[in-house]
Amino acid sequence: MATPTTGLSAMEAFAVIGVAGVGAQWLAWRLRMPAIVLMLTAGLILGPVTGILVPARDIGPLIAPMVSLAVSVILFEGGLTLNFHRLADARPAVRRLVYVGAPLGWLLSTLALIWIGGLSWKASLVFGGIMIVTGPTVIAPLLRQAKLVTRPAQVLQWEGIVNDPIGALAAALAMQIVLVANAGLFWGQALARVVPGVLAACLIGIAAGWAIVQAFRRHIVPEYMKVPVLFVTVIGAFTAADSILHESGLLAVTLMGLIVANANLPSYTELYRFKEQATVLLVSGVFIILAAGIQFSQLTQLSWRAVLLIAAVILLVRPATVMLSLIGTNLPMKERLLIAFTGPRGVVLVAVSGIFAERLVAEGVPDGGMVAPLAFCLVLATVILHGFTLGRSEEHTSELQSLDHIS
């Protein structure tokens with residue numbers, strides 16, 4: 001469909017994004033529908049369908065830093081929910097999904113991209129790393145809607161938040177391997193570039209979290225300034241880590257949130273409530289921007305292989321990763337299956353894949369341009385599928401648990 005020749009001003013674009021995002025969430029609440037589905041629909045209507053909002057035209061170079069900073073705040077808020085005391089008996093499962101599931105998911109996703117998607121090993125290795133993420137921006141609203149029992153909900157939430165920065169770092173490592181391969185250098189040089197950046201991100205995140213805890217606990221920061229100071233520290237930690245190694249800022253802010261969450265601060269409840277409200281706004285805006293920025297010409301590049309690939313990721317790769325990772329844990333089979341078939345993707349996948357797609361194309365990887373549209377289609381397919389089925393699957397699980405109890 002034709003795009004209007006005159007676009008919106010930056011202020012008008014921000015207003016449209018805000019109204020569309022929050023409006024979609026409100027409408028989803030009224031209609032009892034998945035909010036993410038309506039946000040993606042609103043973005044597609046405003047962007048490629050009508051051309052009312054075209055982020056590249058209306059916002060321009062601000063898109064990338066805005067999305068990156070929004071994702072950093074979202075992941076920090078996710079880290080604030082990772083309280084070790086609440087993890088209880090879900091801890092072994094979470095540990096397995098991080099230690100075993102992340103590398104296994106990277107391997108299986110890469111093989112699926114090569115054998116089913118038909119992508120080159122370079123594009124597959126990078127995109128396979130990104131596909132580790134399951135998306136806290138999607139998991140949290142779905143869990144709120146489905147009202148899952150405690151343990152599967154904790155496992156899914158922790159996995160989504162912890163594996164998001166791991167997926168971004170895996171893609172960064174894979175990108176370094178591609179650069180080394182193109183330059184004919186040694187593989188060890190890729191690790192030499194990535195490992196210091198990862199260590200620096202960890203130190204920055206831990207130091208920032210510790211500084212916030214000490215400042216708040218010793219009343220160095222007045223009550224009315226705690227939220228602004230927290231926001232500025234998050235942005236500073238993300239930017240500092242990201243300047244050392246691209247995408248390592250996500251790891252830094254997640255660790256920062258984890259430290260603050262487990263510090264038992266007296267004002268933690270007020271901080272978390274405000275952060276949760278801010279995250280609703282940021283998730284709305286980012287989904288609208290990313291969906292509106294999609295071009296139908298990009299989607300037409302995909303072939304029938306894309307459909308098979310997405311089906312394989314949902315029905316084979318994700319279940320195999322989870323079931324193999326959870327071998328030996330005490331989770332009942334019904335809960336394992338529920339977790340195995342719940343793997344929605346969200347903002348981080350689309351944002352990070354867009355960044356690395358451009359870098360792959362710049363490095364002369366021809367099918368690098370396929371990464372972004374594939375990522376969007378995967379997000380769209382998973383949020384629609386899980387948005388409409390997760391609640392029902394939980395009802396079915398509850399019925400089976402009741403029958404087990406009766407028997």
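Scanning region 291-308 for residues being more than 15 Å from LEU44 (Cβ to Cβ), at pLDDT 80 or above, not hydroxyl-bearing (Ser, Thr, Tyr) and not in a helix (DSSP H, G or I) gives a total of 1. Determine whether region 283-296 contains at least one residue that is farther than 21 Å from LEU349 by Cβ and open to solvent by 60 Å² or more (accessible area, probe 1.4 Å). The answer is no, given that none of the residues of region 283-296 is farther than 21 Å from LEU349 by Cβ and open to solvent by 60 Å² or more (accessible area, probe 1.4 Å).
Among the criteria (1) within 20 Å of VAL67 (Cβ to Cβ); (2) open to solvent by less than 10 Å² (accessible area, probe 1.4 Å); (3) modelled with pLDDT of 90 or more, the one GLY209 does not fulfil is (1). Any idea how many residues of region 129-156 are at pLDDT 80 or above and within 22 Å of PHE287 (Cα to Cα)? Summing the residues that are at pLDDT 80 or above and within 22 Å of PHE287 (Cα to Cα) in region 129-156 gives 7.
For ILE132, the criteria (1) assigned to a loop (DSSP other than H, G, I, E, B); (2) touching a residue at least 40 places away in the same chain (Cβ under 8 Å) hold in every case but one, which is (2). Take the conditions (1) on the phi > 0 side of the Ramachandran plot; (2) assigned to a helix (DSSP H, G or I); (3) at pLDDT 80 or above; SER124 misses just one of them, which is (1). The residue of region 33-51 that is surrounded by the most Cβ atoms within 10 Å (Cβ to Cβ), among those that are within 24 Å of HIS386 (Cα to Cα) and of a type in the set (Val, Ile, Thr), is ILE36.
Scanning region 297-319 for residues that are open to solvent by 50 Å² or more (accessible area, probe 1.4 Å) and either among the charged types (D, E, K, R) or in contact with a Phe, Trp or Tyr (Cβ under 9 Å, 6 or more places away or on another chain) (or both) gives GLN298, ARG305, LEU315. Taken together, ALA112, ALA64 contain a single residue that is surrounded by fewer than 16 Cβ atoms within 10 Å (Cβ to Cβ) and farther than 22 Å from GLN154 by Cα, which is ALA64. Under the condition of being polar (S, T, N, Q), crowded, with 22+ Cβ neighbours inside 10 Å and either touching a strand residue (DSSP E or B) at 6+ places or on another chain (Cβ under 7 Å) or modelled with pLDDT under 90 (or both), the residues counted in region 320-353 number 2. Are any of the residues in region 308-331 among the β-branched types (Val, Ile, Thr) and over 19 Å from ILE130 (Cα atoms)? Yes, there is a match, as at least one residue in region 308-331 is among the β-branched types (Val, Ile, Thr) and over 19 Å from ILE130 (Cα atoms). A single member of VAL286, VAL322, VAL371, VAL307 is among the β-branched types (Val, Ile, Thr), touching a helix residue (DSSP H, G or I) at 6+ places or on another chain (Cβ under 9 Å) and without any contact (Cβ under 8 Å) to a residue 60 or more places away in the chain, and it is VAL307.
Condition (residue is part of a helix (DSSP H, G or I) and farther than 26 Å from PHE76 by Cβ) applied to region 340-347: is it met by at least one residue? Yes, region 340-347 contains at least one residue that is part of a helix (DSSP H, G or I) and farther than 26 Å from PHE76 by Cβ. Criterion applied to PRO266, PRO222 was being modelled with pLDDT under 85 and not hydrophobic (A, V, I, L, M, F, W, C), and the one residue passing it is PRO266. Considering only residues in region 196-206 that are modelled with pLDDT under 90 and open to solvent by 20 Å² or more (accessible area, probe 1.4 Å), the one that is nearest to GLY249 (Cα to Cα) turns out to be VAL198.
The values are calculated or read from the model by the stated rules, or taken from the named source; none is laboratory data. Bear in mind that the values here come from a model prediction, so they are computed numbers and not experimental data. Heads up, the Cβs are rebuilt from the backbone with ideal geometry, glycines too, and the neighbour counts pull from every protein chain shown. Ligands, DNA and RNA are excluded from the accessible area calculation, which covers all protein heavy atoms including side chains. Shrake-Rupley method; radii C 1.70, N 1.55, O 1.52, S 1.80 Å.
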